[in-house]
Amino acid sequence: MGRHEQREQVFRLLFQVEFHPAEDMPRQMRLFVEDNEAIASIRDADYIEARCQAVCRELPEIDKLIDQNTVGWDTNRMGKVELAVLRLAVYELRFDEDIPAGVAIDEAVELAKQYGQDNAGGFVNAILAKIAKL
C-alpha cells in the first residue's frame, strides 16, 4: 500500500472520530483495520492506526488552527468530510516534517474532491493555503 492509499485510510478512520466518543476510538480503530480488506499488511494497519492516534492527540491545536483560519466557519459547522480532510492535512503541515506542504495540500484537495461536496476541494485548499503560510 502506497502513501496515498495509507492517507486515504487514515482519512476514513478520522472521519469516524466525529461519530464515536473518544474512549471508544481505540476499539473503533481496531475494528476498522481488522475489517478493512484494503489494508492487507500488518505494517500498513499499524501505520494507519498510529497516524490516526497521532492526529487525535493534536486535535485541540489542529482545530484551533482551523478555526483561526476560516471566516464564517468553524469546526462545529463544517461538513464532517471536510473536517476530517483538514485535520489530517493540518497535522501533516504542522507535525510531520517528512511531508512537504505542497504534497499535504494536494492530497487533501484530492480527498476533498473525491469524498466531499462539489466545492470541498476549493474550500480545503483555501484554508490550508492560509495555514501553510503561518
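The values are calculated or read from the model by the stated rules, or taken from the named source; none is laboratory data. Source: prediction; values computed, not measured. Because the Cβ atoms are built from the backbone with ideal geometry, glycine has one as well, and the counts that use them run over all protein chains shown. Side chains included, ligands, DNA and RNA excluded: accessible areas come from the protein's heavy atoms. Shrake-Rupley method; radii C 1.70, N 1.55, O 1.52, S 1.80 Å.
Given the criteria of a type outside the set (F, W, Y), at pLDDT 95 or above and open to solvent by 10 Å² or more (accessible area, probe 1.4 Å), does A112 qualify? If you could, list the steps in order and put the result at the bottom.
Details: of a type outside the set (F, W, Y): yes; at pLDDT 95 or above: yes; open to solvent by 10 Å² or more (accessible area, probe 1.4 Å): no.
Taking the combined requirement at face value, the residue does not satisfy it.
Consider the range 59-103. How many of its residues are among the β-branched types (V, I, T) and part of a loop (DSSP other than H, G, I, E, B)? Spell out how you get there, then give the answer.
Applying the first criterion (among the β-branched types (V, I, T)) to the range 59-103 yields 62, 66, 70-71, 75, 81, 85, 90, 99, 103.
Filter again for part of a loop (DSSP other than H, G, I, E, B), leaving 70-71, 75, 99.
Residues in the range 59-103 being among the β-branched types (V, I, T) and part of a loop (DSSP other than H, G, I, E, B): 4 in total.
For A50, which of the numbered conditions (1) open to solvent by 20 Å² or more (accessible area, probe 1.4 Å); (2) in contact with a helix residue (DSSP H, G or I) (Cβ under 8 Å, 6 or more places away or on another chain); (3) in a helix (DSSP H, G or I); (4) small (G, A, S) fails to hold?
Going through the list (1) open to solvent by 20 Å² or more (accessible area, probe 1.4 Å); (2) in contact with a helix residue (DSSP H, G or I) (Cβ under 8 Å, 6 or more places away or on another chain); (3) in a helix (DSSP H, G or I); (4) small (G, A, S), A50 breaks only (2).
Select from the range 1-25 the residues that are of a type outside the set (G, A, S), open to solvent by 60 Å² or more (accessible area, probe 1.4 Å) and in a helix (DSSP H, G or I) and list them in ascending order.
Let us first name the residues in the range 1-25 that are of a type outside the set (G, A, S), namely 1, 3-21, 23-25.
Remaining after also requiring open to solvent by 60 Å² or more (accessible area, probe 1.4 Å): 1, 3-5, 12, 15, 18-19, 21, 23.
Answer for the range 1-25, where residues must be of a type outside the set (G, A, S), open to solvent by 60 Å² or more (accessible area, probe 1.4 Å) and in a helix (DSSP H, G or I): R3, H4, E5, R12, F15, E18, F19, E23.
Cβ-Cβ under 8 Å, sequence separation 6+ or interchain: first residue in the range 2-31 and more than 16 Å from Y47 (Cα to Cα) and modelled with pLDDT of 95 or more, partner small (G, A, S) and open to solvent by less than 40 Å² (accessible area, probe 1.4 Å). Which pairs?
Cβ pairs passing all conditions: F15/A84.
Quick one: is K133 of a type in the set (D, E, K, R) and either surrounded by 15 or more Cβ atoms within 10 Å (Cβ to Cβ) or touching a helix residue (DSSP H, G or I) at 6+ places or on another chain (Cβ under 8 Å) (or both)? It would help to see each step written out before you state the result.
Values: of a type in the set (D, E, K, R): yes; either surrounded by 15 or more Cβ atoms within 10 Å (Cβ to Cβ) or touching a helix residue (DSSP H, G or I) at 6+ places or on another chain (Cβ under 8 Å) (or both): no.
No, not satisfied.
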